[in-house]
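Read the structure below first, then the notes.
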Amino acid sequence: MGMKALKSVGRALGDSGAWKKLANPTVSRGKTAWPKSNAELENIGVRFDYDEEVTQNGVVYHKFQCQPNAGKISASLKAWREKHGGTHAVMTTILVRKNATKSEVLQAVDGALNNVNA
C-alpha cells in the first residue's frame, strides 16, 4: 500500500527534472543524489543516496537507498524514522536502469516507494 507521505515524491522528482540525476547519477557512493536543497529535503521528507551500479539479467541499474531526512518532516515519516533507527535506516532500495527515460525512473521510484510500510 505504501505511506501517504511518499505519494508526492515521484511527482516532485518528475516536475523538477531531477529524475535525470537518478538515470545518470553524478554523485559518489554514499552521497545524496536527490533532493539537494534544505527546503526540498524538508518538503519531500526522504532522500535518495547513491549506492552503486548493479547488474541483473544483463541490465545495468543504479542502486539508491531511500532514507528518511533529519529535521522537519511529516509526522508519519518522523514516526517511521524513530521506529526504524534514525536517518540512516533504509526505507527501500530503488533500482533505476542506467540511462533510463523519465517514465522508467518514475515507475521505478513509485514501485519501490509503494513497498514502504509505516
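Structure notes:
- Cut-off under 5 Å, modelled amide H: who pairs with R97 long-range: H62
- Charge dipole magnitude, Cβ of K and R +1, D and E -1 - the chain, Cα centre, debye nearest 20: 140
- Over 22 Å between alpha carbons, listed pairs K7/K98; K20/K63; K7/K63; K7/K72; K72/K102; K21/K78: K7/K98; K72/K102; K21/K78
- For the chain, the relative contact order is 30 percent, taking Cα pairs closer than 8 Å that sit 6 or more residues apart in sequence and dividing their mean separation by the residue count.
- Secondary structure note: in the chain, about 100% of the DSSP beta bridges are antiparallel.
- If you wrap the Cα atoms of region 69-110 in a convex hull and average its projected area over all directions, you get 3.8 nm².
- A cut-off of 5 Å between modelled amide H atoms, ignoring neighbours fewer than 5 places along the same chain, links D51 with G30, K63, F64, Q65.
- Calculated diffusion of the chain, Stokes-Einstein form, Kirkwood radius summed over Cα pairs, 25 °C and 0.890 mPa s, µm²/s: 174
- Taking amide hydrogens as placed 1.01 Å from N in the peptide plane, the amide H of W34 sits under 5 Å from those of F48, each at least 5 positions away in sequence or on another chain.
- Leading residue at positive end of dipole, region 4-113 (Cβ point charges), from G17, Y61, S74: S74
- Convex hull of region 45-94 built on C-alpha atoms - directionally averaged projected area, nm²: 3.6
- Sites counted here are trypsin sites (Lys or Arg not before Pro) in a DSSP loop (not H, G, I, E or B) having no more than 12 other Cβ atoms within 10 Å; the longest part of the chain that contains none of them is 73-118.
FYI, it's all coordinate maths here, none of it is from the lab. Predicted, not measured: the structure shown is a model, and the values here were computed from it. When we count neighbours, we look across all protein chains shown, and the Cβ atoms used for this are built from the backbone with ideal geometry, even at glycine.
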